[in-house]
């Protein structure tokens, strides 16, 4: 009798899973594009304004809102190397996620998971700024883009490329601090020489220096990426905090999406709208999360700390609801997959039930809510 009950339960679960899968296939295309709203079919991801709202459009021409998790790879490794990759893809899709975000294993694209790639192209150390005034820098960016991006040029499962991560543009009123970074470069460098001239031109000259650096940065990366791969989107430089709007303006025509990493309790809706209007581009929140107590995991990480996993889930739901009110927002990526209190996975390797249930419930409502 017990075995019979277990068999009946198994058939019911299988039937429910089959029904859910059938519903998903009716609602979404293979990339996660929403079939009830169409854009242009180009064979690759791109952005469009449809009925006054920004959307990413899937290779099949359907409205796509990027719902993802960052750093989808085993702890301490860059690649699954075949071990656990299919489980990761199955989990992501079961939670309604359609994107493996920044720092994820690019091989996931071969398993029919959309991947946002972070190539190493701009040759600057962490928290530093490259000498964009040096002609050799442009040569290096072009060379690196060819190496890192051209292999993906015909792959429809690639969402696009980030040019950088959290470079120190400083805040609106900190153009002097930005200039100082160049003054600290070797005195013979092009950047130092340009900064020295700007420092003698007062506040206006200093602000113009950062404007010029931004213009060179965005134009150079755009040209290099588009030469290496004309098919995929440029997803921005992953701004942190509150970037200078004068810098954001320089992205117009040089990117397809503005990316913003944000760890506030609520999304900075006013800033997101201002950024979008400044560059006439959509915005994607490419990092956000809430951390909470979890045995066996590192306690480090960014974001507000919650008292329980249930509170983390509620924080996620509230944040996403606010983002969905913005016509310019085209996606959000949770940071991150595992390793610490921000992660989706427990120390055992199993997902946190409360958080991933919230993923599933909210992600299925995204397109209709918008």
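The values are calculated or read from the model by the stated rules, or taken from the named source; none is laboratory data. Because the structure is predicted, anything quoted here is derived from the model rather than measured. Counting neighbours? That spans all protein chains shown, and the Cβs are built from the backbone with ideal geometry, glycine included.
Points to keep in mind about this one:
- Condition met for residue 88 (assigned to a helix (DSSP H, G or I), touching a strand residue (DSSP E or B) at 6+ places or on another chain (Cβ under 9 Å) and within 27 Å of residue 168 (Cβ to Cβ)): no
- Checking residue 266 against (1) surrounded by fewer than 24 Cβ atoms within 10 Å (Cβ to Cβ); (2) outside any loop (DSSP other than H, G, I, E, B), the condition it does not meet: (2)
- Yes/no for residue 234 being closer than 14 Å to residue 254 by Cβ, buried (at least 17 other Cβ atoms within 10 Å of the Cβ) and at pLDDT 95 or above: yes
- Just one of the listed residues (41, 36, 49) is in contact with a helix residue (DSSP H, G or I) (Cβ under 8 Å, 6 or more places away or on another chain) and either over 14 Å from residue 367 (Cα atoms) or modelled with pLDDT of 95 or more (or both), and it is 36.
- Of all residues in segment 152-182, those satisfying the criterion of being outside any loop (DSSP other than H, G, I, E, B) and surrounded by 17 or more Cβ atoms within 10 Å (Cβ to Cβ) are 152, 158, 159, 160, 161, 175, 178, 179, 181, 182.
- Of all the listed residues (117, 132), the sole one being closer than 25 Å to residue 99 by Cβ and in contact (Cβ under 8 Å) with a residue 40 or more places away in the chain is 117.
- Residues located in segment 303-323, provided they are touching a strand residue (DSSP E or B) at 6+ places or on another chain (Cβ under 9 Å) and closer than 20 Å to residue 271 by Cα: 303, 304, 316, 319, 320, 323
- Within segment 269-280, being touching a residue at least 40 places away in the same chain (Cβ under 8 Å) and not in a helix (DSSP H, G or I) holds for no residue.
- Per the conditions (1) part of a loop (DSSP other than H, G, I, E, B); (2) crowded, with 17+ Cβ neighbours inside 10 Å, the sole criterion not satisfied by residue 295 is (2).
- Filter result for residue 102 (surrounded by 14 or more Cβ atoms within 10 Å (Cβ to Cβ), in contact with a strand residue (DSSP E or B) (Cβ under 7 Å, 6 or more places away or on another chain), modelled with pLDDT of 95 or more and not in a loop (DSSP other than H, G, I, E, B)): no
- Residue within segment 244-261 that is within 23 Å of residue 336 (Cβ to Cβ), touching a helix residue (DSSP H, G or I) at 6+ places or on another chain (Cβ under 9 Å) and part of a loop (DSSP other than H, G, I, E, B) present: no
- Residue list for segment 183-212, filter: assigned to a loop (DSSP other than H, G, I, E, B), touching a residue at least 24 places away in the same chain (Cβ under 8 Å) and either under 32 Å from the mean Cα position of the chain (by Cα) or at positive phi (or both): 185
- Looking only at segment 324-350, and only at residues there that are touching a strand residue (DSSP E or B) at 6+ places or on another chain (Cβ under 7 Å), closer than 22 Å to residue 299 by Cα and surrounded by fewer than 19 Cβ atoms within 10 Å (Cβ to Cβ), the one that is modelled with the lowest pLDDT: 339
- Residue 96 vs. criteria touching a helix residue (DSSP H, G or I) at 6+ places or on another chain (Cβ under 7 Å), outside any strand (DSSP E or B), surrounded by fewer than 24 Cβ atoms within 10 Å (Cβ to Cβ) and modelled with pLDDT of 95 or more: yes
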